[in-house]
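One structure is given here, and the rest of the page talks about it.
Nothing in this text is a laboratory measurement; each read-out follows from the coordinates by a stated rule. Just so we're clear, the structure is a prediction, and the values are computed from it rather than from any experiment. Heads up, the Cβs are rebuilt from the backbone with ideal geometry, glycines too, and the neighbour counts pull from every protein chain shown.
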Amino acid sequence: MATGKPEKTSDKSYRVTTSGDIEVSTYLEIAREIAGEQPVAATEAISGAEREAIIVIDFGSQYSLLIARRIRELQVYCELVTHETPWEKIGHLNPKGFILSGGPASVYQANAPLAPSYVYESNLPVLGICYGMQVITKQLGGLVESVINREYGHAILQTSDSDSPLFDELPSPSPVWMSHGDRIEEMPPGFKILAYTENSPIAVMGNDKHIFGLQFHPEVVHTPYGKTILKNFAYKICGCQGNWTMGNFISDSLEQIKVQVGNGRVINALSGGVDSSVVASLIHRAISDQLTCIFVNNGLLRRQEAERTLNIFQKNLGMNIVYIDASERFLKRLKGITDPETKRKVIGNEFIHLFEEEAGKLGKVDFLAQGTLYPDVIESTSSVSTASAKIKTHHNVGGLPSEMTLKLLEPLRYLFKDEVRQVGLELGLSDEMVWRQPFPGPGLAIRTIGEVTKEKLDILRSADWIVMDEIKKAKMYRQLWQSFAILTDVKSVGVMGDFRTYGYLIALRAVTSYDAMTADWARLPYDLLARISNRIVNEVPNVNRVVYDITSKPPSTIEWE
Ligand code: XMP
């Protein structure tokens, strides 16, 4: 049972799957399943005496991940676990408090998920949010009831106990954001009302054991002082110190990578994307020449991409890089293929064959480094199924042969994307590299509609270069999730000078997104669109028309294939 004492556990039972992330190295994800390996964690958060964490028990709210991000932004390490996670899996993190998330269930449903007993028996502070508050109420002897009018949206919070440390620096009244069906009718014994809204007489409750419930969501931006409440909980109530900084993360990771790898050898598929670049830099800093990166130029990269990546990692950082120019080989394999799924499979399989061939030439290798991030880890541990229909084959494009039994080294598996970027910057990677927009593994092949040929790729590369150049000049690159050109398979009639032309149609795609699961087309200024269009038809041979894609995802996807 919970003692609050750190306990070491070597059992990392996460089964990691890939998300819609962007690294070529994720093609190799399947290796884990074949090898039956559990991933090797390169860091177990902050080490030794400094270690502290807040644990979020995830009841499946769409905001659970956001809670963890908010706590991390406060420089307190935070992990999300399911309500079935035993203490042994989290004790070593030295929890200082628990947050019970919201969720879609009702506590009176059969099999409604509840908090594990250690949450209450540990005597650590607890903050229940929405469904989490109802869980506390049910488990500690209060009463939850459905309300006739479900409450969504803004409400005004009035504190009735302004002395509570939870409310330090919180103005009263202050706006909060509600989203709930059930509400508390009777608080558990020992609790008192700390704040109320017009429709929720018990909007915040608490007892003298530092167990609190909030009927609203402090983690969303619509609760402007939500972060103040979370900060008060973490620092004033749980007593956290705030030692989760990327500087600490780096120094800890370096130590742990050294210990784990020992004298072994590590390979990494370098793609030039953010995650694989940061992984490579971090591991290289820890074990220098014991790391070999394999960089495959599949001929489907953007203009100057291969040179740029080689320059940074080989020339500037002095890494061991095996560079393979396989452009011809990929083009040959893609000849005559027009079906998008077949393209993806062919490219994925070819990549794996090549990687395997090159890795085989290196002699004995012990570890495969991967840029798995925390959202990938959580997806597979969440109590709520995230299963969805297959829209496109992303990474599950083949497998590594069973002889390739490598241990996985995943030093970023506890980080969110924004934290990875910070690590990259602290490791000295350039802004340009760290803020690079995602680029898909199959590259320009899935932006060349129909058969992929060298001629078409060259046209697309020229148009893509102009898009990037203009977007950067307009200082919009970072605001956009992605911005790129697509070479359609359509030709249309135009006129240039006194001559009729019959040329390709280029489509522009620029989207804003938070995680690529949904996306909105970017409202680019007309002037910017005009400049891009003008330059493309003037500077790129065989193109005489440019259109802008104004569909969001769903119903479209970001890439065209
Ligand atoms: P879609 O087109 O499905 O893309 O809306 C979502 C995000 O994923 C990227 N993407 C890929 N990344 N391998 C990758 O590494 C792939 O096969 C792949 N397909 C799409 C896409 O660029 C967008 O960011």
Legend entry - For Ser179, Ser106, order by how many other beta-carbon atoms lie within 10 Å, fewest first: Ser106, Ser179
Legend entry - Gain on full stretching of the segment that runs from Trp435 to Tyr514 - 0.36 nm per residue minus C-alpha separation: 27.0 nm
Inset, instruction - Let me know the charge dipole size of the range 246-348 about its Cα centre in debye, to the nearest 20, where only the beta-carbon of Lys, Arg (+1) and Asp, Glu (-1) is charged. - result: 420
Inset, instruction - Collect residues whose amide H, placed 1.01 Å from N in the peptide plane, falls under 5 Å from the amide H of Phe216; neighbours closer than 5 in sequence don't count. - result: Cys130
Inset, instruction - State the extension gain, in nm to one decimal, for the chain segment bounded by Asn542 and Arg500, taking 0.36 nm per residue of separation less the distance between their alpha-carbons. - result: 13.9 nm
Legend entry - Residue-span extension gain [Asn316 to Asn534] - 0.36 nm each, minus C-alpha spacing: 74.8 nm
Inset, instruction - Quick one: what are the phi-derived ³J(HN,Hα) couplings along the range 547-561, Karplus 6.51/-1.76/1.60 with θ = phi - 60°, whole Hz, x for glycine and proline? - result: 10, 10, 7, 10, 10, 9, 10, x, x, 7, 10, 6, 6, 7, 10
Inset, instruction - Write out the trypsin sites (Lys or Arg not before Pro) in the range 181-263 meeting two conditions: DSSP loop, and at most 16 other Cβ atoms within 10 Å of their Cβ. - result: Lys209
Inset, instruction - Determine ³J(HN,Hα), in whole Hz, for all residues of the range 98-106 in sequence, where each value follows from phi through the Karplus function 6.51 cos²θ - 1.76 cosθ + 1.60 and θ = phi - 60°; x replaces Gly and Pro. - result: 10, 10, 9, 6, x, x, x, 6, 10
Legend entry - Total charge dipole magnitude, the range 203-290, about the Cα centre, Cβ charges on Lys, Arg, Asp, Glu only, Debye to nearest 20: 160
Legend entry - Long pairs among Lys89/Lys209; Lys231/Lys417; Lys335/Lys417, criterion Cα-Cα beyond 29 Å: Lys335/Lys417
Legend entry - Likely footprinting exposure, Phe216, Phe167, fewest C-beta neighbours within 10 Å first: Phe167, Phe216
Legend entry - Peptide ranges 285-298, 78-91 listed from the most packed, as the mean C-beta count within 10 angstrom indicates: 285-298, 78-91
Inset, instruction - Sketch the reach of a paramagnetic label on Ala112 as a point 7 Å from Cα along Cα-to-Cβ, and name the residues of the range 210-245 whose backbone nitrogen lies under 16 Å away. - result: 213-216
Inset, instruction - Could I have the simple spin-label model distance between Val493 and Ser251, label points 7 Å from Cα toward Cβ, reported in nm to one decimal? - result: 7.2
Inset, instruction - Please determine, in degrees from 0 to 90 and to the nearest 10, the orientation of helix 417-426 with respect to the longest principal axis defined by the Cα atoms of the chain, where the helix direction is its Cα long axis. - result: 70
Inset, instruction - Could you list the trypsin sites (Lys or Arg not before Pro) in the range 515-555 that lie in coil according to DSSP, counting only those with at most 14 other Cβ atoms within 10 Å of their Cβ? - result: Arg523
Inset, instruction - Please go through the range 178-286 and write out the GluC sites (Glu not before Pro) that DSSP classes as loop and that have at most 11 other C-beta atoms within 10 Å. - result: Glu198
Legend entry - Computed FRET value (nearest 0.05) for Lys335 with Ile193, which takes r as the C-beta separation and R₀ as 51 Å: 0.10
Legend entry - Label point 7 Å beyond Cα of Val147 along Cβ direction - residues of the range 101-130 with amide nitrogen under 14 Å: 130
Inset, instruction - Could you pull out every residue, at least 5 positions away or on a different chain, whose amide H is within less than 5 Å of the one on Gly494? Hs are placed 1.01 Å off N in the peptide plane, and Pro or chain starts have none. - result: Thr501, Tyr502, Gly503
Legend entry - Ranked Val107, Val274, criterion: other C-beta atoms within 10 Å, fewest first: Val107, Val274
Legend entry - Principal-axis tilt of helix 64-73 within the chain, Cα atoms, nearest 10 degrees: 90
Inset, instruction - Before anything else, pin down the relative contact order of the chain: Cα pairs under 8 Å, at least 6 apart, normalised by residue count, whole percent. - result: 15
